[in-house]
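Structure, as structure tokens:
Quick note: the coordinates plus some simple rules give every number you see, no bench work behind them. On a predicted model such as this, the values are computed, not experimentally measured, just so you know. Heads up, the Cβs are rebuilt from the backbone with ideal geometry, glycines too, and the neighbour counts pull from every protein chain shown.
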Amino acid sequence: MVLDRFIVLEGLDGAGTTTQLRLAAEKLAASGRPHFCTSEPTGHAVGLLIREVLTGRRSVHPLTLALLFAADRSEHLRASEGGILARLERGELVLSDRYLFSSLAYQSLECDFEHVRSLNAGFPLPRDVVFLDTPVKESQRRLNGRAGPELFDGAHLQDRILDNYRRAFELFRESGLRLHVLDGTLPPADIFGKFWNIIESVPML
């Protein structure tokens, strides 16, 4: 299933997805269009546990982490009041910083790719995925200003993560999903101009 009015931002850590989601939230709020800007891991109980793992405050087995991401995603989608599916049903435009493609790119570093894929096989796809294509060197430079390192920040992992992203996107080439690859080295305002064009192309309910 591919969900209309659902847009996902993806990229390496440091690619700029958080900045682009913030800019989109600000402009959508000013436009008055019903929308919901969100991210994974979420602020639900499982998402908060994941954040503890990512920041090194808690340790779990890599497969456990993959299962936690899938559980958090299920709640992200299906929460009765504020979940993605309920919001789309109400006619809102939904933008998410990361979704199942991140699981395929990151969790398959230490788990079998096909097993991670099976954990996420029941989730619907977004109609549009915006991938910020940012070189590893640039992503790492940006991460140097972050408060503290996270689990997947190491430069030695980033090339493998990029390969996993490419593999993930190839899986869905015939699904009806639209993949937009934007140059992540451009100034944020220039990237946002291209991102906003994608947002504006999505018809309202």
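How much space per residue, in cubic angstrom, does the convex hull of the C-alpha atoms of the chain take up?
Cα convex hull per residue, to the nearest whole number: 117 Å³.
Return the whole-Å distance between the Cα centroid of region 172-186 and the Cα centroid of region 37-82.
Result: 24 Å between the Cα centres.
Can you list residues from other chains, or at least 5 along the same chain, whose modelled amide H is less than 5 Å from the amide H of residue 134?
Sorted by chain and number, the residues that satisfy this are 12, 184.
Over region 68-184, what relative contact order in percent results from Cα pairs under 8 Å that are six or more residues apart?
For region 68-184, the relative contact order is 31 percent.
Please give the peptides 52-65, 99-112 ranked by average Cβ packing (other Cβ atoms within 10 Å per residue), highest first, as a rough proxy for protection.
Averaged packing, sorted descending, gives the order 99-112, 52-65.
What list of ³J(HN,Hα) couplings, whole Hz, do you get for region 9-15 from phi and the Karplus terms 6.51, -1.76, 1.60, once you set θ to phi - 60° and write x for glycine and proline?
Result, ordered by residue: 9, 9, x, 4, 4, x, 6 Hz.
Calculate the FRET efficiency for residue 57 and residue 138 from the Cβ-Cβ distance with a Förster distance of 30 Å, rounded to the nearest 0.05.
Result of the calculation: an efficiency of 0.60.
Which far-off residues, 5 or more places away or on another chain, put their amide H under 5 Å from the one on residue 79, with H placed in the peptide plane?
Sorted by chain and number, the residues that satisfy this are 84.
With springs only between Cα atoms under 10 Å, which of 190, 13, 72 fluctuates most in a Gaussian network model of the chain?
Its mean-square fluctuation being the largest, the pick is 190.
Which residue, 144, 164, 120, has the most motion in a Gaussian network model of the chain that connects Cα atoms within less than 10 Å?
144
Using the Cα gyration tensor of region 70-146, with a ≥ b ≥ c the square roots of its eigenvalues, what is the shape: rounded (a/c below 1.5), prolate (a/b larger than b/c) or oblate (neither)?
Oblate.
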